[in-house]
Protein chains: 2
Amino acid sequence: MNLPTIQQLTYLVALADEGSFSRAADACFISQPALSAQIKGLENRLGQQLLERTSRGILLTHQGVQVVDRARALIRDLNDLVIEAKNDGDDLRGDIHIGAIPTMAPYLLPALVQSLRKHHPHSQLHLHEEQTHDLLQSLRYGKLDVGLLALPIEEPTLSSAVLAHDPFLVAMSSDHRLADTSSPISLDRLAKENILLLEEGHCLRDQAENLCIRSNIQPSDIQATSLPTLVQMVAANMGITLLPRSAAPIEARTGSGVMTRPLRSSNAGRSIGLIWRTSSPIGTYLTSIISDLSTLWK
Amino acid sequence: MNLPTIQQLTYLVALADEGSFSRAADACFISQPALSAQIKGLENRLGQQLLERTSRGILLTHQGVQVVDRARALIRDLNDLVIEAKNDGDDLRGDIHIGAIPTMAPYLLPALVQSLRKHHPHSQLHLHEEQTHDLLQSLRYGKLDVGLLALPIEEPTLSSAVLAHDPFLVAMSSDHRLADTSSPISLDRLAKENILLLEEGHCLRDQAENLCIRSNIQPSDIQATSLPTLVQMVAANMGITLLPRSAAPIEARTGSGVMTRPLRSSNAGRSIGLIWRTSSPIGTYLTSIISDLSTLWK
DNA sequence: TGGTTTGTATAGGATTTAGTTATGAACCTA
DNA sequence: TAGGTTCATAACTAAATCCTATACAAACCA
């Protein structure tokens with residue numbers, strides 16, 4: 001079915017208000033014949049005579065009155081739609097789905113959430129914890145809007161920004177023989193130690209493993225399913241591990257039975273970054289978040 | 001402000017429903033580039049990105065969801081408007097203003113009203129009593145939709161139809177010396193009588209007066225303000241008068257003190273007719289009324 | 001890894017729609 | 001009867017809309 005145009009309805013309303021074709025045409029800033037043609041078109045589409053043309057102006061038929069009433073409401077609603085849509089511009093609204101990898105979520109998400117809530121108080125945040133691979137997939141499919149993970153990630157459809165560098169610390173039980181001081185320790189000293197790693201799938205595992213390989217260190221074949229578990233194993237003196245500095249305040253807090261020492265003359269670690277679809281408008285709104293967090297985590 | 005088009009909103013809704021430009025374009029029976037262009041235009045008008053274009057289809061932004069919701073409602077309302085307007089075709093609806101001249105209203109309006117209510121039960125009838133001149137003016141200005149009056153009336157913007165012929169009867173007091181029989185009476189016999197007429201302004205007066213002049217009869221200079229008054233004067237034996245046959249059943253009913261005799265070999269009288277603006281759609285609906293009444297009053 | 005499918009965007013041209021001015025006929029008013 | 005209304009019509013122009021063809025990117029699949 002061929003629907004009437006909003007324009008036609010607008011003209012009809014003007015015609016009803018002004019009471020004559022010529023005045024209505026002036027009010028609409030178009031010529032009188034143009035208005036005549038549009039009204040005629042509207043009457044044709046509706047299959048109804050909406051008004052009587054008299055020598056003195058116009059008279060609305062009963063159908064005309066009905067249509068004008070509804071048209072007014074319709075135009076008002078359409079205006080509302082536009083206003084509403086235009087207002088919706090200064091901050092993000094609605095649901096934002098945030099994903100974070102498990103080795104970052106507990107330690108870094110709180111600050112991200114805080115910053116987002118500060119800048120975009122009208123949005124509802126939803127938090128998800130996924131490993132990098134799944135997180136990227138969810139991002140591509142629109143299940144997530146932003147991801148917090150380790151960079152670099154090179155993907156044509158995704159954009160990312162580094163927030164901070166997250167150096168690795170050596171974590172060991174407080175009883176461990178290397179725990180006599182908290183001064184930097186060189187990588188060589190770890191060669192004889194039993195190095196515990198996370199299980200496959202965690203990008204942190206890959207990063208730590210790579211570091212070991214590059215330093216000719218053979219890691220243990222015991223694998224932990226999560227960072228807290230890993231730290232528990234360290235606390236139980238089953239070995240030592242490489243712990244991101246960002247996790248230390250929580251995992252190696254005083255009383256945890258675990259202590260950390262930085263690596264000497266090495267900036268081994270991971271990059272903490274945000275990632276999002278390039279096509280998503282969220283990119284625009286993330287700049288302030290990024291500057292917030294990179295300051296905080298400097 | 002440049003409002004979005006209903007078409008653009010329709011396309012947006014289709015896009016939201018189908019999830020991809022190509023499928024939505026198919027559903028709308030247009031090409032995919034055409035749809036792309038329209039959606040782009042809509043986004044421009046709203047100043048908002050409504051959706052993300054991904055390699056796999058589309059994702060609605062938060063603004064997109066909002067706009068789609070409102071757009072659905074708008075399209076539904078517009079459809080309602082069309083359906084409502086189209087349905088409004090089989091019978092008349094709403095207010096119909098009917099005017100009748102005072103010498104017809106009491107006797108003929110009831111049947112007209114009955115017929116209108118039968119054929120157009122959804123309309124509200126409003127009755128007005130005006131003399132011909134004012135009635136025609138009200139008709140032209142749209143204050144009335146139909147008039148019941150004496151024809152012929154030749155006006156370029158008005159159409160009319162004759163319903164019946166309404167012959168004049170001679171009305172006299174039952175005590176009158178002509179009241180000895182109810183057989184036809186010739187015009188000549190009235191020459192010596194005192195003929196009472198209505199006051200100026202009533203078309204019935206003009207018609208009766210013309211008949212008198214043509215027949216060389218001098219009417220009385222006493223004038224009645226209304227037909228019932230005139231009949232009262234006749235009953236009081238102040239003279240006789242010419243009474244339309246349509247008024248007789250009421251004005252000269254048994255017990256009224258008045259009786260009537262037809263005119264011999266004369267079809268003097270008036271034509272009962274309907275009149276309306278040619279430009280008014282009511283003309284279409286009047287045909288059945290006209291056939292009703294012309295049968296009834298044959 | 002290369003071909004196919006499935007997405008969207010862009011370019012150029014045809015068509016339709018909406019607008020213009022000019023003009024005309026009917027009517028009101030002075 | 002002249003002049004100013006009214007709306008309608010005609011002929012033309014401008015712009016919006018849509019088409020086909022093409023490009024290009026990503027996902028899929030053998």
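What are the ³J(HN,Hα) couplings of the range B:166-178, residue after residue, when phi is run through the Karplus curve with 6.51, -1.76, 1.60 and θ = phi - 60°? Round to Hz, x for glycine and proline.
In residue order, the calculated couplings are 10, x, 7, 10, 8, 10, 8, 4, 4, 7, 5, 6, 7 Hz.
Over the whole of A:54-63, what's the average partner chain Cβ count within 10 Å per residue? Rounded to a whole number, please.
Mean partner shielding for this stretch: 6.
Set the Förster radius R0 to 22 Å, insert the Cβ-Cβ distance between B:Ala37 and B:Leu3 as r into 1/(1 + (r/R0)^6), and round the FRET efficiency to 0.05.
0.80
Remind me, relative contact order of the range B:150-298 in percent, using alpha carbon pairs under 8 angstrom and six or more residues apart?
About 44 percent, as a whole number.
Suppose we take every Cα in chain A and form the convex hull; what volume per residue is that in Å³?
It is 177 Å³ per residue.
What residues in the range B:256-297 lose 50 Å² or more of accessible surface when the other protein chains are added to their chain alone (1.4 Å probe)?
Listed by number, the residues meeting the 50 Å² cut-off are B:Ser279, B:Pro281.
Name the residues of the range A:1-35, by number, that are at least 20 Å² less accessible with every protein chain in place than in the isolated chain; the surface is that of heavy atoms, probe 1.4 Å, without ligands or nucleic acids.
Checking the loss per residue gives A:Met1, A:Leu3, A:Pro4, A:Ile6.
With a cut-off of 8 Å between alpha carbons and a minimum separation of six or more residues, what is the relative contact order of chain B in percent?
In percent, rounded to a whole number, it is 20.
Might you tell me the accessible area per residue for the protein assembly as shown, computed with a 1.4 Å probe and given in Å²?
Normalised by residue count, the accessible surface of the protein assembly as shown is 47 Å².
Order A:246-257, B:276-287, A:179-190 from most to least packed using the mean count of other Cβ atoms within 10 Å.
B:276-287, A:246-257, A:179-190
Mind putting a number on the dipole of chain A about its Cα centre? Charges go on the C-beta only, +1 for Lys and Arg and -1 for Asp and Glu, and I need it in Debye to the nearest 20.
Roughly 440 debye for chain A.
Please check which bits of the range A:237-264 a label hung off A:Ser271 would reach, taking the label as a point 7 Å along Cα-to-C-beta and the cut-off as backbone N under 20 Å.
The answer is A:244-247, whose backbone nitrogens lie closer than 20 Å to the label point.
How much accessible area is lost when chains A and B come together, counting both sides, with a 1.4 Å probe, in Å² rounded to the nearest 100?
Counting protein atoms only, the buried area is about 4000 Å².
Using Cα pairs closer than 8 Å and at least 6 residues apart in sequence, work out the relative contact order for the range B:6-87, in percent.
29
If packing is taken as the average count of other Cβ atoms within 10 Å, what order do B:8-19, B:146-157 fall into, highest mean first?
The packing order, highest mean first, is B:8-19, B:146-157.
Please report the orientation-averaged projected area of the protein assembly as shown, defined via the convex hull of its C-alpha atoms, in nm².
Spelled out: convex hull of the Cα atoms, projected over all directions, averaged, 41.5 nm².
Sorted by packing (mean other beta-carbon atoms within 10 Å per residue), highest first, where do B:208-216, A:265-273, A:233-241 land?
By packing density, highest mean first, the sequence is A:233-241, A:265-273, B:208-216.
When the helix-only estimate is applied to chain B (DSSP H runs of n ≥ 4, each -39,500 (n - 2.57), divided by the residue count), what is the mean residue ellipticity at 222 nm, nearest 500 deg cm²/dmol?
Calculated at 222 nm, the ellipticity per residue is -13000 deg cm²/dmol.
How far apart, in nm, are the 7 Å Cα→Cβ label points at A:Ser220 and A:Ser288?
Using points 7 Å along Cα→Cβ, the separation is 4.7 nm.
Along the range B:35-42, what does the Karplus equation 6.51 cos²θ - 1.76 cosθ + 1.60 (θ = phi - 60°) give for ³J(HN,Hα), rounded to whole Hz, x for Gly and Pro?
5, 3, 4, 5, 5, 4, x, 4
Using the Cα gyration tensor of the range A:164-270, with a ≥ b ≥ c the square roots of its eigenvalues, what is the shape: rounded (a/c below 1.5), prolate (a/b larger than b/c) or oblate (neither)?
Verdict is rounded for the range A:164-270.
Within the set B:Lys118/B:Lys143; B:Lys143/B:Lys298; A:Lys143/A:Lys298; B:Lys192/B:Lys298; A:Lys143/B:Lys40; A:Lys192/A:Lys298, which residue pairs have Cα atoms separated by over 28 Å?
Correct reply: B:Lys143/B:Lys298; A:Lys143/A:Lys298; B:Lys192/B:Lys298; A:Lys192/A:Lys298.
Accessible area of chain B with a 1.4 Å probe: how many percent of it is carbon plus sulfur?
49
Give the separation of the Cα centroids, the range A:27-51 to the range B:96-160, in Å.
So the two Cα centres are separated by 29 Å.
Count, for each residue of B:73-85, the Cβ atoms from other chains sitting within 10 Å of its Cβ, then give me the mean as a whole number.
Average neighbour count from other chains, rounded to a whole number: 6.
The values are calculated or read from the model by the stated rules, or taken from the named source; none is laboratory data. These numbers were taken from a predicted model, which means no experiment stands behind them. Glycine gets a Cβ as well: all are built from the backbone with ideal geometry, and neighbour counts include every protein chain shown. Surface areas here come from the heavy atoms of the whole protein model, side chains and all, with no ligands, DNA or RNA. Shrake-Rupley method; radii C 1.70, N 1.55, O 1.52, S 1.80 Å.
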